[in-house]
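The structure under discussion appears below in the form of structure tokens.
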Amino acid sequence: MSWTWTQWIVAALAIFWVVGAYNRLVRTRARVTAAFAALDAQWMRFVVWLQGQLPGPLRDPPMPDDTHAEADAGRLQRWIGLSLAAAELAERLAAARARSLGGDSLVELVAAQQRVLAEWSALPRSLVSAERHSQFLYLLGQLEPLRGAYNEAVQAHNQAIHQFPALLLAR
């Protein structure tokens with residue numbers, strides 16, 4: 001059985017169409033990865049800043065023979081929740097970094113951010129200066145446009161996956 005010119009042209013067009021669809025998926029995935037990288041960098045700046053705001057003993061635990069540790073325990077107790085929330089946020093960020101297209105790790109990351117916000121809000125204003133609070137809000141505000149760009153990239157990728165023939169390739 002020999003192929004006619006028409007069959008060869010149809011086969012070539014089909015191959016080019018499939019390759020084009022695959023390349024589109026690769027490009028949209030790269031956009032998602034780039035958008036997450038920018039978001040990840042800002043998250044890391046936020047986590048590092050947040051950990052830097054913790055009192056010294058929470059950043060560097062005291063030695064067993066430190067006599068001032070007991071005196072500071074009452075004041076430090078208020079910061080422990082924030083310290084734990086910051087550690088959880090860093091942990092969730094590492095998990096999300098491994099799966100920038102995965103939904104569950106990102107949902108957990110947002111939940112960890114909400115916990116940090118709640119712990120920060122629970123701190124008495126006597127422990128948080130107005131400058132610190134405005135810096136906290138500024139860093140949180142820097143996340144919003146990056147999160148929007150990431151969400152747009154993910155939506156574009158999801159739309160590309162649901163189009164034919166990418167629908168067949170993405171499975």
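The values are calculated or read from the model by the stated rules, or taken from the named source; none is laboratory data. What you are looking at is a predicted structure, and each value in this text was computed from that prediction instead of being measured. No Cβ is skipped: glycine too gets one built from the backbone with ideal geometry, and neighbour counts run over all protein chains shown. We work out accessible area using only protein heavy atoms, side chains counted, and drop any ligands, DNA or RNA first. Shrake-Rupley method; radii C 1.70, N 1.55, O 1.52, S 1.80 Å.
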TODO: Looking at (1) farther than 29 Å from Leu25 by Cβ; (2) buried (at least 16 other Cβ atoms within 10 Å of the Cβ), find the lone condition where Arg92 falls short.
DONE: (1)
TODO: Go through (1) at pLDDT 85 or above; (2) buried (at least 17 other Cβ atoms within 10 Å of the Cβ); (3) within 30 Å of Tyr22 (Cα to Cα) and name the single condition Gln159 misses.
DONE: (2)
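Here are some residues: Leu25, Leu76, Leu58. Which one is among the aliphatic types (A, V, I, L, M), touching a Leu at 6+ places or on another chain (Cβ under 8 Å), at pLDDT below 85 and under 18 Å from Leu101 (Cα atoms)?
Going through Leu25, Leu76, Leu58 in turn, the sole match is Leu25.
One line per residue, one yes/no per condition, for (1) open to solvent by less than 70 Å² (accessible area, probe 1.4 Å); (2) among the aromatic types (Phe, Trp, Tyr); (3) more than 22 Å from the chain's Cα centre (by Cα):
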{"position": "Ala111", "(1), (2), (3)": "yes, no, no"}
{"position": "Trp120", "(1), (2), (3)": "yes, yes, no"}
{"position": "Ser126", "(1), (2), (3)": "no, no, yes"}
{"position": "Glu131", "(1), (2), (3)": "no, no, yes"}
{"position": "Leu143", "(1), (2), (3)": "yes, no, no"}
{"position": "Gly148", "(1), (2), (3)": "yes, no, no"}
{"position": "Ala153", "(1), (2), (3)": "yes, no, no"}
{"position": "Phe164", "(1), (2), (3)": "no, yes, yes"}
